[in-house]
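Enquirer: Can you keep this structure in mind? I'll have questions shortly.
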Amino acid sequence: MPDERKIYTKTGDLGETSLLGGTRVSKSHERVEAYGTIDELNSFLGLLRDQPVGDHYKSMLLRIQENLFVAEAMVAADPGLSHKTLPALKDEEILLLENEIDEMNKSLEELSRFILPGGYAPSSLCHICRTVCRRAERAVIRLSATKPADEIIIRYLNRLSDYLFVLARKTAKDAGADDTLWIPSR
């Protein structure tokens with residue numbers, strides 16, 4: 001009978017997990033919180049990619065998901081060990097997001113008010129992804145205040161949240177849905 005590969009190891013049953021490199025830390029460790037939030041974002045992006053957002057955006061979202069896996073690995077790596085074999089985020093990926101933002105913005109009206117999420121489900125999901133992205137960014141910033149964290153991850157997440165905001169507007173416009181502007185009643 002062949003060996004079964006089980007998904008459960010039971011090594012985390014007491015609230016610890018291993019960083020890349022083997023160091024055991026609490027599952028509430030700030031490094032685990034940071035890469036766990038990036039993983040949550042990646043999952044929501046997978047759901048967004050399953051929506052009717054157009055082939056180009058689906059392709060971009062897949063590329064973003066791949067970049068987020070790289071970011072997760074970078075954050076999950078034990079900072080005390082060498083990880084020369086790990087992939088790295090590149091500045092070109094940030095430039096790509098900026099170019100995509102600029103291209104989408106060409107067909108969007110200039111904003112003079114805040115937007116309320118809603119009105120078109122894929123657009124609303126973009127806003128959910130954006131807010132999870134901002135939370136991931138804050139988690140990585142908290143981590144970097146006391147432990148090494150590559151600053152390119154922070155820059156990538158910052159630009160990604162901008163991309164997701166513009167993508168929310170663009171997917172709504174492409175579907176014929178208007179932005180819901182926030183107009184204060186007082």
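The values are calculated or read from the model by the stated rules, or taken from the named source; none is laboratory data. Just so it is clear, the structure is predicted and the values come from calculations on it, not from any experiment. Because the Cβ atoms are built from the backbone with ideal geometry, glycine has one as well, and the counts that use them run over all protein chains shown.
Enquirer: If ASP178 satisfies all but one of (1) without any contact (Cβ under 8 Å) to a residue 60 or more places away in the chain; (2) assigned to a helix (DSSP H, G or I); (3) charged (D, E, K, R), what's the number of the condition it fails?
Expert: ASP178 satisfies all of (1) without any contact (Cβ under 8 Å) to a residue 60 or more places away in the chain; (2) assigned to a helix (DSSP H, G or I); (3) charged (D, E, K, R) except (2).
Enquirer: Residue check, LEU108 against (1) over 25 Å from ALA71 (Cα atoms); (2) in a helix (DSSP H, G or I), all met but one. Which one?
Expert: Result: LEU108 fails condition (2) only.
Enquirer: Taking segment 125-147 as the region of interest, how many residues are within 21 Å of LYS106 (Cα to Cα) and out of contact with any strand residue (DSSP E or B) (no Cβ under 9 Å at 6 or more places or on another chain)?
Expert: Of the residues in segment 125-147, 2 are within 21 Å of LYS106 (Cα to Cα) and out of contact with any strand residue (DSSP E or B) (no Cβ under 9 Å at 6 or more places or on another chain).
Enquirer: Out of curiosity, is LEU61 buried (at least 18 other Cβ atoms within 10 Å of the Cβ) and without any contact (Cβ under 8 Å) to a residue 40 or more places away in the chain?
Expert: yes
Enquirer: Being at pLDDT below 95 and surrounded by fewer than 20 Cβ atoms within 10 Å (Cβ to Cβ): is that true of SER144 here?
Expert: When the stated conditions are applied, SER144 passes them.
Enquirer: Residues ILE115, ILE152: which one is under 20 Å from the mean Cα position of the chain (by Cα) and either within 18 Å of GLU33 (Cβ to Cβ) or not small (Gly, Ala, Ser) (or both)?
Expert: Matching residue, one of ILE115, ILE152: ILE152.
Enquirer: Please specify each residue of segment 148-174 satisfying the condition of being outside any helix (DSSP H, G or I) and either buried (at least 16 other Cβ atoms within 10 Å of the Cβ) or in contact with a strand residue (DSSP E or B) (Cβ under 9 Å, 6 or more places away or on another chain) (or both). Spell out the reasoning first.
Expert: Residues of segment 148-174 outside any helix (DSSP H, G or I): 148-150.
Result: ALA149, ASP150.
Enquirer: Say whether the condition of being under 19 Å from LEU108 (Cα atoms) and of a type in the set (Phe, Trp, Tyr) is met by at least one residue in segment 151-161.
Expert: No, segment 151-161 contains no residue that is under 19 Å from LEU108 (Cα atoms) and of a type in the set (Phe, Trp, Tyr).
Enquirer: Quick check: is even one residue across segment 175-182 surrounded by 12 or more Cβ atoms within 10 Å (Cβ to Cβ) and in contact with a strand residue (DSSP E or B) (Cβ under 8 Å, 6 or more places away or on another chain)?
Expert: Yes.
Enquirer: Give the residue that is modelled with the lowest pLDDT, with candidates limited to residues of segment 1-25 that are β-branched (Val, Ile, Thr) and assigned to a loop (DSSP other than H, G, I, E, B).
Expert: If we filter segment 1-25 for residues that are β-branched (Val, Ile, Thr), which is where we start, we get 7, 9, 11, 17, 23, 25.
When the remaining residues are screened for being assigned to a loop (DSSP other than H, G, I, E, B), the result is 7, 9, 11, 23.
Details: ILE7: 68, THR9: 67, THR11: 58, THR23: 72.
Only one residue tops the list, namely THR11.
Enquirer: So, one more: Scan segment 88-96 and tell me whether some residue there is at pLDDT below 95 and either assigned to a helix (DSSP H, G or I) or within 23 Å of GLY36 (Cβ to Cβ) (or both).
Expert: yes
Enquirer: Turning to a different aspect of this structure: Regarding SER144, is this residue of a type outside the set (Phe, Trp, Tyr), farther than 30 Å from ARG24 by Cβ, in a helix (DSSP H, G or I) and under 18 Å from the mean Cα position of the chain (by Cα)?
Expert: No; evaluated as a whole, the condition is false for this residue.
Enquirer: Does at least one position in segment 26-33 carry a residue that is in a loop (DSSP other than H, G, I, E, B), farther than 23 Å from GLN65 by Cβ, over 22 Å from the mean Cα position of the chain (by Cα) and modelled with pLDDT under 65? Step through it out loud before you land on a result.
Expert: Going through segment 26-33, the residues in a loop (DSSP other than H, G, I, E, B) turn out to be 27-29.
Next cut, farther than 23 Å from GLN65 by Cβ only: 27-29.
Pick out the ones that are also over 22 Å from the mean Cα position of the chain (by Cα) and you get none.
No: segment 26-33 contains no residue that is in a loop (DSSP other than H, G, I, E, B), farther than 23 Å from GLN65 by Cβ, over 22 Å from the mean Cα position of the chain (by Cα) and modelled with pLDDT under 65.
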